[in-house]
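The structure appears below as structure tokens.
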Amino acid sequence: MIQIKKLQQQLQEEINLRLALTSAVEHSSSPFMESPCQLPDKAQELLDSLAVLEITVSKLEQESVSLRYLLRQEKNERRLTEILQKKKSHYFAPSKFTNAQSFPNKLVTRKRESKQVVSVDDEALQID
């Protein structure tokens, strides 16, 4: 009888541990402290490491998005500079046209929320 109760108690502890670990993995973004079941030290260390790694991955993903945005912005600025240099070299080159015809018809720069559109004549650069 004593062995059966001991095995039942051990089984219940294993079931509680499994439920606690499952819950911790599914909700690993929040620290795991509210469980009625006390986790073994090794399991708690692994869950803590998992939470730290998830936070690190999230920060790296945000940094990656930011760096991609900055890279697109740099590329567009370089393209704009190249376009303006091309136009500038055409302005000062001898031309059969009058001075009024050698200047661009429009040069527009505007910002709208998170998008920038820079337009020089019919060529446009856009940052998504």
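FYI, it's all coordinate maths here, none of it is from the lab. It should be emphasised that the depicted structure is a prediction, and the values quoted were computed from it without experimental measurement.
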Report summary line: Counting lysine pairs in region 2-92 that sit 8 or more positions apart or on different chains, with Cα atoms under 28 Å apart, gives 7
Report summary line: Whole-Hz Karplus couplings 3J(HN,Hα) for region 82-89, θ = phi - 60° and coefficients 6.51, -1.76, 1.60, Gly and Pro as x, run 4, 5, 5, 5, 4, 4, 5, 5
Query raised in the report: Relative contact order of region 2-92: what whole-number percent is it, with Cα pairs under 8 angstrom and at least 6 residues apart?
Result: 22
**Report entry** Length released on extending from THR22 to LEU60, taking residue separation times 0.36 nm less the Cα-Cα span
**Finding:** 11.1 nm
